[in-house]
Amino acid sequence: MFTGIVEEVGRLARVQRSGGNLRVWIEAAKVLEGVKVGDSIATSGACLTVVEISPSGFVVELAEETVRRTAPRWRAGGRVNLERAARLGDRLDGHLVSGHVDGVGRVTRFERRPGAHDLYVEAPPELARYIAPKGSITLDGVSLTVVEVRGRVFSVTLIPHTLSVTTLGELKAGERVNLEIDIIARYVERLMEVRE
């Protein structure tokens, strides 16, 4: 489990096909502290397993399913949001995040205004019903609060700090982002199904 509080922005140093998977070398420093092979690191919202560690970063392998279901950012030179898995007893500053990308949204607008920026994202039809005003959403691994929802488009407000410590400030209209809906919404729907 994760919290959606990004610890560091990493850089994809190398990307290579390997036995049907995608092997990715990620340059990082902070998230290496205490990490060992087999640990999970949320990488722009996708929970990935560390398969190798070096002094300058770590390596992960993505199955074709992961590549297909996430935003197309797996290329050398790209930047990704990184977070180590939460430990029991840690403070939960964001919200409960599983690191399982539910779908990919599309940025429709990014409005800059004094003191904050409003990001508008169109959710896929199958996820839109789970997104509610004042609810939680994870965009590229970042825990955010939904401001408003109109049909399939929702907005979040980003403060300068969030823009400076994540990759969200680099987004432009038309780009795609990884979405993870609030885990509670999924369970509520399932409970309602079972009761019927």
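Quick notes
- Spin-label zone in the range 1-18 - amide nitrogen under 19 Å from a point set 7 Å from the Cα of Arg87 along the C-beta vector: 1-8
- Scaled against 2.2 N^0.38 Å for its residue count N, the alpha carbon radius of gyration of the chain is 1.01.
- Packing rank of 132-142, 73-83, where each peptide gets the mean count of other beta carbons within 10 Å, highest leading: 132-142, 73-83
- Per-residue 3J(HN,Hα) values for the range 33-47, derived from phi via the Karplus relation 6.51 cos²θ - 1.76 cosθ + 1.60 with θ = phi - 60°, read 4, x, 8, 10, 4, x, 6, 9, 10, 6, 10, 6, x, 9, 6 Hz in sequence order (x marks Gly and Pro).
- Extension gain from Arg69 to Lys36, taking 0.36 nm per residue of separation minus the Cα-Cα distance: 9.3 nm
- P(r), alpha carbons of the range 4-67 - 10 Å bins starting at zero, rounded %: 22, 60, 18, 0
- Spin-label pair Leu22-Val194: with each label point 7 Å from Cα along the Cα-Cβ axis, the two points sit 3.5 nm from one another.
- Other-chain or far-sequence residues with amide H under 5 Å of Gly141's (modelled H): Gly45
- Ranked Leu88, Leu119, criterion: other C-beta atoms within 10 Å, fewest first: Leu88, Leu119
- Highest-first arrangement of 54-60, 44-50, where packing means the average Cβ count within 10 Å: 44-50, 54-60
No value in this document is a laboratory result; all are computed from the given coordinates. Quantities reported herein were computed from a predicted structural model and do not represent experimental measurements. In this analysis, Cβ positions are derived from the backbone assuming ideal geometry, glycine residues included, and neighbour counts consider all displayed protein chains.
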